[in-house]
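A.B. asks: This is the structure I have questions about; it appears just below.
The values are calculated or read from the model by the stated rules, or taken from the named source; none is laboratory data. Small disclaimer: the values here were computed from a predicted structure and weren't measured. With ideal geometry, Cβ positions are generated from the backbone for all residues, glycine too; neighbour counts draw on all protein chains shown.
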There are 2 protein chains.
Amino acid sequence: MIKVYITDDHPIVQEGIKNLLATRDEISLTGVYQNGKDTLEALVKEEPDVLLLDINLPDISGIELSKQIRDAYPELKIIVLSVHNEKAVISSVLQNGVNGYVLKNSIGDEIIQAIHKVIDGELYMCVQTRDIYNNQDTTGPDFIPKITRREKEILQLVTEGMTSAQIAEKLFISPYTVETHRKNLMEKFDVNNMTAIIKYATEFKLL
Amino acid sequence: MIKVYITDDHPIVQEGIKNLLATRDEISLTGVYQNGKDTLEALVKEEPDVLLLDINLPDISGIELSKQIRDAYPELKIIVLSVHNEKAVISSVLQNGVNGYVLKNSIGDEIIQAIHKVIDGELYMCVQTRDIYNNQDTTGPDFIPKITRREKEILQLVTEGMTSAQIAEKLFISPYTVETHRKNLMEKFDVNNMTAIIKYATEFKLL
DNA sequence: GAAAAAATACCTGAAACCCGGGATGCCCGA
DNA sequence: TCGGGCATCCCGGGTTTCAGGTATTTTTTC
């Protein structure tokens with residue numbers, strides 16, 4: 001019997017997956033959670049074999065969460081469910097050591113398959129994900145840069161349309177410092193101006 | 001018997017809703033579609049009483065689609081399912097004359113309720129939506145500005161990090177013209193620089 | 001406790017952007 | 001048909017950002 005947890009904040013999706021898993025008698029659903037916090041708490045008490053994890057959660061970035069869980073529970077198989085078909089997101093999540101990546105527009109069978117594959121110790125990616133992952137000539141970054149707390153803060157304010165001077169005033173730091181942070185961000189994202197960053201940051205929900 | 005169509009590109013969500021509706025014997029599911037095109041084609045052949053419409057579709061902007069369907073089928077009740085909890089999106093969709101707006105993190109019961117309410121001729125909004133809609137002090141625009149084809153094109157290129165000069169060259173127009181479009185965009189979004197626009201444009205999937 | 005990472009600050013010149021105008025031609029819908 | 005929306009082009013001046021550094025202090029992490 002394969003014990004499975006679901007973490008997804010949409011009741012309808014939960015319902016859909018529940019139903020799907022109910023058709024298989026080698027799989028038992030032992031927990032359903034709406035956010036990262038509840039999931040982490042549940043894992044402390046009881047560890048399932050597989051976690052189906054939506055990476056768009058209300059409280060924590062799923063990318064960050066998947067890393068935390070991976071580090072804390074090396075035996076647990078994590079299958080990420082996601083709407084993100086951008087290479088950068090897929091790469092980042094896979095680099096965190098998850099065991100599967102399934103796009104939400106996949107058919108239910110792919111989830112069942114994924115569960116069996118990861119239990120067998122394999123890495124599972126749905127067909128579409130595989131295509132994107134192997135495709136060289138995608139636009140956009142190949143990975144999501146790791147940004148610091150302060151950089152994130154500055155990026156947020158830039159995104160709201162504030163100038164460096166305004167940001168400096170708001171954060172009680174020198175405009176020069178703000179400039180430095182901007183430069184570092186541009187370097188990390190490998191672009192020449194902030195506009196290009198904002199698109200990715202918004203798309204990838206970094207803010 | 002209330003005839004219902006579902007349009008959503010996620011099989012798992014379809015499954016969840018199917019299940020939900022199956023528990024009610026006054027509701028019959030008469031069609032399930034994955035995109036705007038299929039939905040429009042199906043409507044030509046047979047019109048249901050209610051359409052449950054996800055506004056994040058692979059082919060058409062759901063906001064645009066809802067308007068089209070409203071105009072072509074005035075009798076059809078449209079309930080929009082969405083992950084967007086931004087006031088601007090809610091307002092825009094409602095202004096297109098849809099009959100209901102339900103966030104995807106709502107519980108299943110709200111969908112059932114919504115169906116009955118709209119059949120009764122009422123406008124239905126889920127609890128959360130109502131809160132957002134009535135809240136005055138939200139950040140961001142109160143509506144999604146209507147932008148022209150050319151403006152959209154310029155916005156896209158700006159978002160990719162191109163300068164006005166580069167855009168001008170690419171589109172074979174004067175840099176002055178590009179500047180004018182930028183100015184018009186900033187006016188429409190009521191902001192002082194392009195960075196603030198990019199966030200909304202990406203968030204609202206205008207590009 | 002030391003090393004690495006993050007945050008801070010400074011300078012300068014060039015490039016790009018923003019602001020406040022004015023102006024023309026085209027085309028589509030009322 | 002004619003008016004409004006759209007796209008186009010132009011100018012000058014002020015502001016902001018970008019690119020190229022260097023360098024110190026604070027915080028985190030191992």
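A.B. asks: Within region A:170-193, which residues are touching a residue at least 24 places away in the same chain (Cβ under 8 Å), farther than 22 Å from B:L157 by Cβ and near DNA strand D (Cβ under 8 Å from one of its atoms)?
C.D. replies: Scanning region A:170-193 gives a single hit, A:V178.
A.B. asks: Shifting gears a bit: Here are B:K67, B:K146: which of them is within 16 Å of DNA strand D (Cβ to nearest atom), at pLDDT below 95 and either surrounded by 15 or more Cβ atoms within 10 Å (Cβ to Cβ) or part of a strand (DSSP E or B) (or both)?
C.D. replies: B:K67
A.B. asks: Tell me whether region B:85-101 contains one or more residues that are in contact with a Cys (Cβ under 8 Å, 6 or more places away or on another chain) and more than 14 Å from every other protein chain (Cβ to nearest Cβ).
C.D. replies: yes
A.B. asks: When region A:30-40 is examined, which residues are found to be closer than 11 Å to A:Y5 by Cα and crowded, with 20+ Cβ neighbours inside 10 Å?
C.D. replies: Hits for region A:30-40 are A:Y33, A:T39.
A.B. asks: What residue, of A:V118, A:V102, is in a strand (DSSP E or B), of a type in the set (A, V, I, L, M, F, W, C) and surrounded by 17 or more Cβ atoms within 10 Å (Cβ to Cβ)?
C.D. replies: Going through A:V118, A:V102 in turn, just one is in a strand (DSSP E or B), of a type in the set (A, V, I, L, M, F, W, C) and surrounded by 17 or more Cβ atoms within 10 Å (Cβ to Cβ): A:V102.
A.B. asks: Can you name the residue in region B:43-53 that is over 15 Å from the mean Cα position of the chain (by Cα) and at pLDDT 95 or above and is also farthest from B:I79 (Cα to Cα) among such residues?
C.D. replies: B:P48
A.B. asks: Can you go through B:A196, B:A165 and tell me which one is touching an Asp or Glu at 6+ places or on another chain (Cβ under 7 Å), closer than 30 Å to A:S164 by Cα and either away from DNA strand C (no atom under 16 Å from the Cβ) or among the small types (G, A, S) (or both)?
C.D. replies: B:A196
A.B. asks: Collect the residues in region B:131-143 that are surrounded by fewer than 20 Cβ atoms within 10 Å (Cβ to Cβ) and within 14 Å of chain A (Cβ to nearest Cβ), keeping them in residue-number order.
C.D. replies: B:T138, B:T139, B:G140
A.B. asks: Name the one entry in B:I69, B:I147, B:I167 that is among the hydrophobic types (A, V, I, L, M, F, W, C) and touching a residue at least 40 places away in the same chain (Cβ under 8 Å).
C.D. replies: B:I147
A.B. asks: While we're here: Can you tell me which residues in region A:1-18 are facing chain B (nearest Cβ under 10 Å) and in contact with a Gly (Cβ under 9 Å, 6 or more places away or on another chain)?
C.D. replies: A:H10, A:P11, A:I12, A:V13, A:Q14, A:E15, A:G16, A:I17, A:K18
A.B. asks: Something else now. Looking at A:Q166, A:Q128, can you tell me which residue is within 14 Å of chain B (Cβ to nearest Cβ) and either in contact with a strand residue (DSSP E or B) (Cβ under 9 Å, 6 or more places away or on another chain) or more than 13 Å from DNA strand D (Cβ to nearest atom) (or both)?
C.D. replies: Every option except A:Q128 fails the conditions.
A.B. asks: Restricting attention to region A:19-36, which residues are farther than 19 Å from A:I78 by Cβ, part of a helix (DSSP H, G or I) and either touching a residue at least 60 places away in the same chain (Cβ under 8 Å) or more than 7 Å from every other protein chain (Cβ to nearest Cβ) (or both)?
C.D. replies: Correct list: A:A22 only.
A.B. asks: Right, another one. Tell me the residue from A:I78, A:I63, A:I69 that is under 21 Å from A:I112 (Cβ atoms) and among the aliphatic types (A, V, I, L, M), please.
C.D. replies: A:I78
A.B. asks: Restricting attention to region A:180-207, report how many residues are within 10 Å of chain B (Cβ to nearest Cβ), assigned to a helix (DSSP H, G or I) and either aromatic (F, W, Y) or surrounded by fewer than 16 Cβ atoms within 10 Å (Cβ to Cβ) (or both).
C.D. replies: Within region A:180-207, residues that are within 10 Å of chain B (Cβ to nearest Cβ), assigned to a helix (DSSP H, G or I) and either aromatic (F, W, Y) or surrounded by fewer than 16 Cβ atoms within 10 Å (Cβ to Cβ) (or both) number 2.
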